[in-house]
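Please read the structure below before turning to the comments.
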Ligand code: AMP
């Protein structure tokens, strides 16, 4: 199983991703988590990514694509993986297609969680109070939503045009959304 999970910031991707990878015993690849860890460890990747992340901007494609290229060949990806937060631009989606061709693999599901903007802002502000993520302040959230609309929505269209997009309602309890995802993934639509 090789899944891409798409959706705006605050749609519940991270929470749902953790549940899905446990259920299917596949690797969880969150580009945001990898870069937050790199920042915490003060690695070169961390210092390259930090200023973009703090502003709610996307980290440049070349950096993120290299990161994914290295990650997809790790042994734990052999049984499958879920990409959470990647691809976020059409260039990343195209690069992913090429990487997968080289690995003789293809995506099995592209799932998008849809949630309206006002609910998103509310959810992210709450997450900022609880988890203390530095990019969860109101100004940065607004920019992240703008960046999503400008740069990541075309990725949704990219997969929709390939007729492989599963668009799901992201509203409801964690369990309700999880059940929707599992049913759709199992049904292959
Ligand atoms: P996330 O944890 O997925 O919400 O990502 C947090 C931040 O990390 C984003 O606002 C971006 O600055 C950066 N980021 C994560 N994934 C990507 C990606 N695929 N491309 C560019 N920037 C990314």
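Answer with yes or no whether residue 64 is within 11 Å of the ligand (Cβ to nearest atom), part of a loop (DSSP other than H, G, I, E, B) and either in contact with a strand residue (DSSP E or B) (Cβ under 7 Å, 6 or more places away or on another chain) or at pLDDT 95 or above (or both). Criteria not met by residue 64.
Taken over segment 2-47, the criterion of being touching a residue at least 60 places away in the same chain (Cβ under 8 Å) and at positive phi is satisfied by 7, 10, 12.
Of the residues 161, 169, 104, the single one that is exposed (fewer than 12 other Cβ atoms within 10 Å of the Cβ), at pLDDT 85 or above and either within 17 Å of the chain's Cα centre (by Cα) or closer than 20 Å to residue 58 by Cα (or both) is 169. When segment 68-93 is filtered for residues that are in a helix (DSSP H, G or I), surrounded by 15 or more Cβ atoms within 10 Å (Cβ to Cβ) and touching a strand residue (DSSP E or B) at 6+ places or on another chain (Cβ under 9 Å), the ones remaining, listed by number, are 68, 71, 72, 77, 93.
Among the candidates 118, 97, which residue alone is out of contact with any strand residue (DSSP E or B) (no Cβ under 8 Å at 6 or more places or on another chain), farther than 26 Å from residue 185 by Cα and either assigned to a helix (DSSP H, G or I) or within 15 Å of the ligand (Cβ to nearest atom) (or both)? On inspection, the qualifying residue turns out to be 118. Of 126, 88, all but one fail to be free of Cβ contacts under 8 Å to residues at least 60 places away in the same chain and within 16 Å of the ligand (Cβ to nearest atom); the exception is 126. Inspect all residues belonging to segment 28-51 and state whether any of them is surrounded by 21 or more Cβ atoms within 10 Å (Cβ to Cβ) and in contact with a strand residue (DSSP E or B) (Cβ under 7 Å, 6 or more places away or on another chain). Yes, segment 28-51 has at least one match. Step by step: first the residues of segment 18-35, then only those that are within 9 Å of the chain's Cα centre (by Cα) and under 23 Å from residue 119 (Cα atoms), then the one that is farthest from the ligand (Cβ to nearest atom). Which residue is that? This residue is 30.
The values are calculated or read from the model by the stated rules, or taken from the named source; none is laboratory data. Remember, it's a predicted structure, so these values are computed and weren't measured experimentally. In this analysis, Cβ positions are derived from the backbone assuming ideal geometry, glycine residues included, and neighbour counts consider all displayed protein chains.
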